[in-house]
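These notes are about the structure you will find just below.
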Amino acid sequence: MNRLALSLGCIIAAAAVAMADGQTETVEDTYRLYCVQCHGTAGTGQGINQTAGGLAVSARDHTNSVEMSKLTDEEIRRAIAKGGDAVQKSELMPPWEGVLSAKEIGDLVALTRKLCKCVAAK
Amino acid sequence: MARSRILNAAAGGLFLATAVVGEAAALDGKAVFAEKCASCHNITGPASTTFHGVLQRKAPDLFYAGSKFQREWLVRWLQSPSRIRPSGTMFLNHLVTEDGKDRIDEGAVKPCASRLSAAESEAVADYLMTHRDAKMRAGVVDRDKKFSTSRALQLFTKQYPCVGCHRVRVRDKETGGVSGPALTDASERLNPDWVYARIENPQYWDPKTWMPKIDLSHEKREILTLFLVSRK
């Protein structure tokens, strides 16, 4: 009972925050806030950190259907959650599981599939 | 003759001293801040918890300034601020895309507007230093502790993505990305305990910061902190 009241309270509080803001956050917002800095506004890998010379290994071009179709959804999910290191790629790709929920990461996987207009590797 | 010069000097010193004391006594850091700074900076907290709120943020939050900064740096910097964030307070607000490549519109990024006199700066620094975070642990980092620069560099540029977003100077050469604050002069600017706490939990300080929360051992966080607070 107590726990139910508590979690209901959380849901209401979260809803209130979203409402006070007048807008809910979409997966595109999540991508803009966390990914565009390296992957770029168009997802092509030309973000400000890339063009300023901060990335010794280029950020992945999420619109490249040839490269992106080599990856399974699970590989993409793992790269976003645990970082490049966890999929034998550059550690310049940060891990995001400390910041993003499983649902947000799942939505980002789907978004990268939309960007590459490609299907997952088998 | 010699005696009168001494007298003159003494009188001059006296005059200066009273002038400074007089101005300082009339200065209330809180009032100066309310008049000249509060239109841009959030001094009461909490930090915005939404993406849209962060897009509207005009300047960095200062409600934990007393935990974050070194007072002497504040006193100097508030008289003539230099740029810290190459991409401004929020990079998305200064971004332009040309031929599919993003870059920061340098002209659109303005430094802090503070132009305080020396006396005002002292008063405002005192006021800012009273804004401390009650939960931050003090005495975690001993800034004089020896550490290996090559290991720190390995962590900062190879093993973790820090350099992707932060500019640092290593042997007179600047490298790094631009979406985070430049860490080129952290030695004079930042409190080591705060640097440690900011790396440990970026979202505690700013729920919508675009710095990842990375799981690091105490030893690694300590080395990164010692490295950063030795940058000048």
Review point. Considering B:130, B:157, which residue is touching a helix residue (DSSP H, G or I) at 6+ places or on another chain (Cβ under 7 Å) and not assigned by TED's automatic domain parsing to the domain that holds residue B:219?
Key: B:130
Check your understanding: Hey, among the residues in the range A:69-122 that are of a type in the set (Asp, Glu) and either part of a helix (DSSP H, G or I) or within 14 Å of residue A:43 (Cβ to Cβ) (or both), which one's modelled with the lowest pLDDT?
Key -> A:85
Review point. Given the structure, is residue B:148 in contact (Cβ under 8 Å) with a residue 60 or more places away in the chain, of a type in the set (S, T, N, Q), at negative phi and in contact with a Cys (Cβ under 8 Å, 6 or more places away or on another chain)?
Key: no
Review point. Do you know which residues across the range B:84-99 are under 20 Å from the mean Cα position of the chain (by Cα), facing chain A (nearest Cβ under 10 Å) and assigned to a loop (DSSP other than H, G, I, E, B)?
Key: B:86, B:87, B:90
Exercise for review: Would you tally the residues in the range B:64-113 being among the small types (Gly, Ala, Ser) and over 23 Å from residue B:178 (Cα atoms)?
Suggested key: 2
Exercise for review: Run down B:51, B:33 and say which single residue is at pLDDT 95 or above, buried (at least 17 other Cβ atoms within 10 Å of the Cβ) and within 20 Å of the chain's Cα centre (by Cα).
Suggested key: B:33
Revision key, fill the gap. Those residues of the range B:100-112 which are within 14 Å of chain A (Cβ to nearest Cβ) and on the phi < 0 side of the Ramachandran plot amount to B:101, B:102, B:103, B:104, B:105, B:106, B:108, B:109
Review point. Of (1) surrounded by fewer than 21 Cβ atoms within 10 Å (Cβ to Cβ); (2) part of a loop (DSSP other than H, G, I, E, B), residue B:174 satisfies all except one. Which?
Key: (2)
**Study point:** Condition broken by residue B:149, with the remaining ones in (1) of a type outside the set (Gly, Ala, Ser); (2) away from every other protein chain (no Cβ under 13 Å); (3) within 15 Å of the chain's Cα centre (by Cα) satisfied
**Key:** (3)
Exercise for review: Test residue A:66 against the stated conditions and say whether it is surrounded by 19 or more Cβ atoms within 10 Å (Cβ to Cβ), assigned to a helix (DSSP H, G or I) and away from chain B (no Cβ under 14 Å).
Suggested key: no
Check your understanding: What number of residues within the range B:199-232 satisfy the criterion of being in contact (Cβ under 8 Å) with a residue 12 or more places away in the chain and assigned to a helix (DSSP H, G or I)?
Key -> 12
**Study point:** Residues located in the range A:69-94, provided they are within 14 Å of chain B (Cβ to nearest Cβ) and under 10 Å from the mean Cα position of the chain (by Cα)
**Key:** A:79, A:80, A:81
**Study point:** Count of the range B:110-133 residues which are in a loop (DSSP other than H, G, I, E, B) and either in contact with a Pro (Cβ under 9 Å, 6 or more places away or on another chain) or at pLDDT 95 or above (or both)
**Key:** 11
Check your understanding: For residues in the range B:138-162 being hydroxyl-bearing (Ser, Thr, Tyr) and part of a loop (DSSP other than H, G, I, E, B), which is farthest from residue B:228 (Cα to Cα)?
Key -> B:160
Study note, to complete from the structure: When every residue in the range B:176-206 that is in contact with a strand residue (DSSP E or B) (Cβ under 7 Å, 6 or more places away or on another chain) and modelled with pLDDT of 95 or more is compared, the one farthest from the other protein chains (Cβ to nearest Cβ) is B:191
Exercise for review: State whether the residues of the range A:20-27 include one that is modelled with pLDDT of 90 or more and touching a helix residue (DSSP H, G or I) at 6+ places or on another chain (Cβ under 7 Å).
Suggested key: yes
Review point. Between residues in the range B:157-170 that are more than 7 Å from chain A (Cβ to nearest Cβ) and residues that are part of a loop (DSSP other than H, G, I, E, B) and of a type in the set (Val, Ile, Thr), which pairs lie under 9 Å by C-beta distance while being six or more apart or on different chains?
Key: B:162/B:214; B:166/B:178; B:167/B:178; B:167/B:184; B:168/B:184; B:169/B:184
Check your understanding: farther than 19 Å from residue B:121 by Cβ and either modelled with pLDDT under 95 or small (Gly, Ala, Ser) (or both): does that describe residue B:22?
Key -> no
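The values are calculated or read from the model by the stated rules, or taken from the named source; none is laboratory data. These numbers were taken from a predicted model, which means no experiment stands behind them. Every residue, glycine as well, gets a Cβ built from its backbone with ideal geometry; the counts of neighbours run over all protein chains shown.
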